[in-house]
Amino acid sequence: MIIKIDDDFDLKKIADSGQCFRFNECGDGYSVTASDKHLFIKQISENEYEFNCSEKDYNDFWKSYFDLDTSYRDIRKRINKDDEYLRSAAEYGKGIRILKQDPWEMLISFIISQRKNIPAIKASIEKLCALVGREIKTEKNANGDNIYAFPTPGEIAKLSDKELSSCGLGYRDKYVKKAASDVLSGEAELYKWQDLSDDDLMERLLKLFGVGVKVANCEILFGYHRLDAFPKDVWINRVLESKYPEGFNFDKYEPFNGVMQQYLFFYSRSNGVL
């Protein structure tokens, strides 16, 4: 089906923004796998996109996944005219959107992401998905590769230590195994936590084995779609130190600091921090 999107929407920038690990360039478009769903999407004109899904799947899942009811153009208009660096970052990153992703998938993905580069993160996640082997309607992507759903907590909990180790997780394998166990036991009620305040959600996440402040903030922003969360990694810390020595104006951009973070992250990582 053809969808017209009259707002900031750039598939390449979203794919390269560091928030998703199963969103990849494929042929003349992009292969997107989320939980147990798969989409091939390509741009066919300036603001028209072809989604290879049914109208029902688009309305029930993909429209929300791409956060298409939110105007990112309006969010960019909030940027202070005197903040030249953020204005440049937002212009450079125009088209990025914060995807509405699954809390379980994001928790495991960002646990795996610790001290790994993006290609290595993607490789480990795909190995984990293939290891469990739950194919999505036996689909293949445009490159002819099998497409596997993201493993459930139960599926990960059944894997042996040797099997998990084969996914290249390194020391993170014990964190992944414990997260699966905690969700299965009810100790980590990820979906019930959606009703918690940001502070209470952060407190619960930090109690999970292997979850620090950065992973928790990524989970809050990308897994729970709390658009004010502001994860800090090496790139963001450099930006804050070099461009905002007197402090970033978080009050000004509330409740969209997470969107600003994505612009800053994408811009600084692509161009370096001067």
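The values are calculated or read from the model by the stated rules, or taken from the named source; none is laboratory data. Quick caveat: nothing in here was measured; it's all calculated off a predicted structure. Positions of Cβ are backbone-derived with ideal geometry, glycine not excepted, and every protein chain shown enters the neighbour counts.
Descriptive notes on the structure:
- 3 or more residues of a type outside the set (A, V, I, L, M): qualifying helices (runs of 4 or more DSSP H) within segment 1-118: 72-76, 84-92, 103-112
- Qualifying residue in segment 74-82 (condition: within 25 Å of residue 256 (Cα to Cα), modelled with pLDDT of 95 or more, aliphatic (A, V, I, L, M) and more than 21 Å from the chain's Cα centre (by Cα)): yes
- Every test in (1) surrounded by 15 or more Cβ atoms within 10 Å (Cβ to Cβ); (2) not assigned by TED's automatic domain parsing to the domain that holds residue 215 is passed by residue 74 save one, and that test is (1).
- Comparison of 9, 61, 21 shows that the only residue that is under 30 Å from residue 152 (Cβ atoms), surrounded by 19 or more Cβ atoms within 10 Å (Cβ to Cβ) and touching a residue at least 12 places away in the same chain (Cβ under 8 Å) is 21.
- None of 228, 233 is under 20 Å from the mean Cα position of the chain (by Cα), modelled with pLDDT under 95 and closer than 30 Å to residue 37 by Cβ except 233.
- Residue check, residue 88 in contact with a helix residue (DSSP H, G or I) (Cβ under 6 Å, 6 or more places away or on another chain), closer than 22 Å to residue 231 by Cβ and outside the structural domain of residue 8 (by TED's automatic domain parsing): no
- Positions within segment 92-109 being in contact with a Lys or Arg (Cβ under 8 Å, 6 or more places away or on another chain) and either on the phi < 0 side of the Ramachandran plot or among the aliphatic types (A, V, I, L, M) (or both), in sequence order: 93, 94, 96
- Test for residue 167: is it of a type outside the set (A, V, I, L, M), not assigned by TED's automatic domain parsing to the domain that holds residue 41 and not in a helix (DSSP H, G or I): yes
- Among the residues listed as 233, 199, the single one being free of Cβ contacts under 8 Å to residues at least 12 places away in the same chain and either surrounded by fewer than 21 Cβ atoms within 10 Å (Cβ to Cβ) or out of contact with any Cys (no Cβ under 6 Å at 6 or more places or on another chain) (or both): 199
- In segment 215-251, the residue that is nearest to residue 69 (Cα to Cα) out of those that are touching a Phe, Trp or Tyr at 6+ places or on another chain (Cβ under 8 Å) and charged (D, E, K, R) is 228.
- Scanning segment 138-158 for residues that are assigned to a helix (DSSP H, G or I), surrounded by 21 or more Cβ atoms within 10 Å (Cβ to Cβ) and in contact (Cβ under 8 Å) with a residue 24 or more places away in the chain turns up at least one hit.
- Lone qualifier among 240, 205 - being crowded, with 22+ Cβ neighbours inside 10 Å and not assigned by TED's automatic domain parsing to the domain that holds residue 66: 205
- Selection within segment 91-118 - outside the structural domain of residue 177 (by TED's automatic domain parsing) and β-branched (Val, Ile, Thr): 96, 98
- Restricting segment 245-270 to residues that are touching a residue at least 40 places away in the same chain (Cβ under 8 Å) and aromatic (Phe, Trp, Tyr), the residue that is surrounded by the most Cβ atoms within 10 Å (Cβ to Cβ): 263
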